[in-house]
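One structure is given here, and the rest of the page talks about it.
The values are calculated or read from the model by the stated rules, or taken from the named source; none is laboratory data. Source: prediction; values computed, not measured. Positions of Cβ are generated from backbone atoms using ideal geometry, with glycine treated the same way; all protein chains shown enter the neighbour counts. Side chains included, ligands, DNA and RNA excluded: accessible areas come from the protein's heavy atoms. Shrake-Rupley method; radii C 1.70, N 1.55, O 1.52, S 1.80 Å.
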Amino acid sequence: MLYTALGDSITAGELATSPARAYPSLVTQNLQQHRRGWFGEVLAEPGWTSQTLNAAVWENGPLPLRKSNVITIWVGGDNLADAALAMLNGARPAILKRSLAGYTRSLRALIVGIRRVSRAGVVVCTQYNPFPNTPLAAQGIAALNEATRAVAASTNAAVAPVDVWFAGQQARLIAGYRTGRVQDVFRAVPVPIHPNNRGHRVIADGLTPIVANAYTP
């Protein structure tokens, strides 16, 4: 059985102390404890938006998707980050709406494309808020998660509510967490947005039963 994790820097395991401690590896380990024969694959890179992930998946070819039994997708944080950076450089707030529309289109296209070549169960992950004390960040991430849930509903994909798992726990689960304000991006190294090892464990333990339930032989 093959579990495939698609995503950006979080899925790639950035700031986990080793690949074995990143959530895709932990999910695979959890699945193996219940049923032998599970393997895991990851296609993820820091900085990937939903558009670049979608392109990378098809550049990689459909064979890994055909072999997969469950596929998780976690992307979108960089779509928001790119829009926020553009706004800091003078772009109008409408760019956020356009960014979310582009995210929605490419996420739906990715799932629809997967359905054409694979029988795998599909799970989409919501985004936790690394800046809970910045209202604008909370609004943007809430809009992103609303779009994610809408795409999931329209494509019959399962949802992993990572935002719920992290709510109120960011200081414990995010590497380098400071004040929970977006200004920390400019003050802290590393930038406090990625899960630490505890965060990856929380994600994996929450995601495992959803992945198991989405399993398609």
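List of remarks:
- Listed by first and then second residue, the pairs linking a residue in region 28-45 that is touching a residue at least 24 places away in the same chain (Cβ under 8 Å) and within 10 Å of Leu2 (Cα to Cα) to a residue that is basic (Lys, Arg) and surrounded by fewer than 20 Cβ atoms within 10 Å (Cβ to Cβ), with Cβ atoms under 9 Å apart and 6 or more places separating them unless they lie on different chains, are Glu41/Lys67.
- Failed item, numbered, when Val27 is tested on (1) in a helix (DSSP H, G or I); (2) farther than 16 Å from Pro195 by Cα; (3) in contact with a helix residue (DSSP H, G or I) (Cβ under 8 Å, 6 or more places away or on another chain); (4) open to solvent by less than 20 Å² (accessible area, probe 1.4 Å): (2)
- Answer from Ala157, Ala150 - the residue that is over 13 Å from the mean Cα position of the chain (by Cα) and open to solvent by less than 20 Å² (accessible area, probe 1.4 Å): Ala157
- Qualifying residue in region 191-204 (condition: of a type outside the set (Asp, Glu), part of a loop (DSSP other than H, G, I, E, B), on the phi > 0 side of the Ramachandran plot and open to solvent by 20 Å² or more (accessible area, probe 1.4 Å)): no
- Taking the criterion of being under 17 Å from Gly102 (Cα atoms) and without any contact (Cβ under 8 Å) to a residue 24 or more places away in the chain, the residues of region 53-69 that qualify are Ala55, Ala56.
- Selection from region 126-172 of residues that are of a type outside the set (Gly, Ala, Ser), in a loop (DSSP other than H, G, I, E, B) and under 22 Å from Asn196 (Cα atoms): Thr126, Gln127, Tyr128, Asn129, Pro130, Phe131, Pro132, Asn133, Thr134, Pro161, Gln169
- The condition (being charged (D, E, K, R), surrounded by 15 or more Cβ atoms within 10 Å (Cβ to Cβ), more than 24 Å from Pro195 (Cα to Cα) and touching a helix residue (DSSP H, G or I) at 6+ places or on another chain (Cβ under 9 Å)) is satisfied by just one residue among Arg21, Arg108, Arg66: Arg108.
- Test for Leu2: is it touching a strand residue (DSSP E or B) at 6+ places or on another chain (Cβ under 9 Å), under 25 Å from Arg119 (Cβ atoms) and either touching a residue at least 40 places away in the same chain (Cβ under 8 Å) or not aromatic (Phe, Trp, Tyr) (or both): yes
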